[in-house]
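K.L.:
One structure, as structure tokens, below. Some questions next.
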Amino acid sequence: MVEVISRLIFPRVVALITTCDRSGRTNVASFSFLMPVSFEPKYIAFSVAPERHTFKNLNEVKEFVVNIPSEEMLKEVWICGTKSGRDFNKFALSGLETEKSLKVLPPRIKSCPVNLECIVEFMERFGDHYIIVGRVVEEHVSQIDFKPILHYSGKIFYKIGEKVSVENSLKRVY
Ligand SMILES: Cc1cc2nc3c(=O)[nH]c(=O)nc-3n(C[C@H](O)[C@H](O)[C@H](O)COP(=O)(O)O)c2cc1C
């Protein structure tokens with residue numbers, strides 16, 4: 001049986017990624033093909049399909065903000081992941097409020113407990129997506145132990161469940 005990759009490696013954390021074009025017009029879209037890459041300096045990677053408006057923006061302005069939503073933001077995540085900035089102003093559509101970033105042009109989303117301002121350092125096509133690697137140049141963390149955050153597995157969202165400590169779970173196994 002062959003399954004799509006998004007159903008095989010899951011759940012994945014969901015981020016709202018903000019970008020802008022060279023005229024300063026902003027956009028926001030949902031992403032779950034996302035991973036931390038390096039501690040110091042901090043790097044983040046995500047995968048974007050070339051047909052996304054986000055990709056067009058990234059080609060014009062090589063900056064983005066990774067905004068991590070909380071569980072209450074499911075509706076906004078769905079809007080931003082199903083409509084394109086090509087056709088809609090998704091900030092108006094979703095009601096998401098923004099504030100100016102400190103080091104990059106795309107804005108950050110106020111209601112997200114984590115905002116990571118990034119500069120693109122690597123962009124390369126792999127199959128039907130481009131991998132984008134960004135260096136984190138500024139971070140805003142209003143709440144670190146927020147829970148549950150949203151996880152995604154192709155049209156199904158999950159919340160983080162019970163906390164499991166490594167010591168306790170290993171004791172159970174050995
Ligand atoms: C929860 C969720 C996660 C998504 N993850 C990705 C992803 O990692 N990469 C991608 O290219 N599209 C992803 N999408 C699809 C885009 O968000 C969607 O195509 C969106 O309309 C793109 O907006 P844009 O055209 O304004 O960039 C995801 C959608 C949802 C709902």
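Only the coordinates and a few stated rules stand behind these numbers; no lab work does. The structure presented is a predicted model; accordingly, all values stated were derived computationally and were not measured. As a convention, Cβ positions derive from the backbone with ideal geometry for all residues, glycine included, and neighbour counts pool all protein chains shown.
K.L.:
Zone of PHE122 (label point 7 Å along Cα→Cβ, backbone N under 18 Å): which residues in segment 38-57?
P.N.:
The answer is 38-49, whose backbone nitrogens lie closer than 18 Å to the label point.
K.L.:
Which residue, chosen from HIS151, PHE122, GLY134, occupies the Cα position most advanced towards the positive end of the dipole of segment 5-173, where the dipole is computed from +1 (Lys, Arg) and -1 (Asp, Glu) charges on Cβ about the Cα centre?
P.N.:
HIS151
K.L.:
Place +1 on the Cβ of every Lys and Arg and -1 on the Cβ of every Asp and Glu in the chain, take the dipole about the Cα centre, and give the residue among SER6, VAL48, CYS20 whose Cα lies farthest towards its positive end.
P.N.:
Highest projection toward the positive end goes to SER6.
K.L.:
Within 10 Å, count the other beta carbons around each residue, average over each peptide in 37-48, 102-113, and list them highest first.
P.N.:
Ranking, from highest mean packing down: 102-113, 37-48.
K.L.:
Between SER70 and LYS100, 0.36 nm times their residue separation minus their Cα-Cα distance comes to what? Don't skip to the end; give the middle numbers.
P.N.:
Values: separation 30, 0.36 × 30 = 10.80 nm, distance 2.01 nm.
Using 0.36 nm per residue and subtracting the Cα-Cα distance, I get 8.8 nm.
K.L.:
Between VAL166 and LYS83, what FRET efficiency comes out of the Förster formula 1/(1 + (r/R0)^6) with R0 = 45 Å and r the beta carbon distance, rounded to 0.05?
P.N.:
Result of the calculation: an efficiency of 0.65.
K.L.:
Sum up the lysine pairs in the chain that clear both bars: alpha-carbon distance under 14 Å and a spacing of 8 or more or different chains.
P.N.:
7
K.L.:
Treating the beta-carbon of each Lys and Arg as +1 and of each Asp and Glu as -1, no other charges, what is the dipole magnitude of the chain about its Cα centre, to the nearest 20 debye?
P.N.:
Around 260 debye, computed over the chain.
K.L.:
Something else: If you take the beta carbon distance between GLU60 and SER111 as r and set R0 to 30 Å, what does 1/(1 + (r/R0)^6) give as a FRET efficiency, to the nearest 0.05?
P.N.:
0.70
K.L.:
Mind putting together the pair-distance distribution for the chain? All Cα pairs, 10 Å bins, whole percent per bin, short to long.
P.N.:
10, 37, 37, 12, 4, 0
K.L.:
What does the charge dipole of segment 1-96 about its Cα centre add up to, to the nearest 20 debye, if the Cβ of each Lys and Arg holds +1 and the Cβ of each Asp and Glu holds -1?
P.N.:
Approximately 200 debye in magnitude.
K.L.:
Counting only helical runs of four or more DSSP H residues, what would the 222 nm mean residue ellipticity of the chain come to if each run contributes -39,500 (n - 2.57) and the total is spread over all its residues?
P.N.:
-5000 deg cm²/dmol
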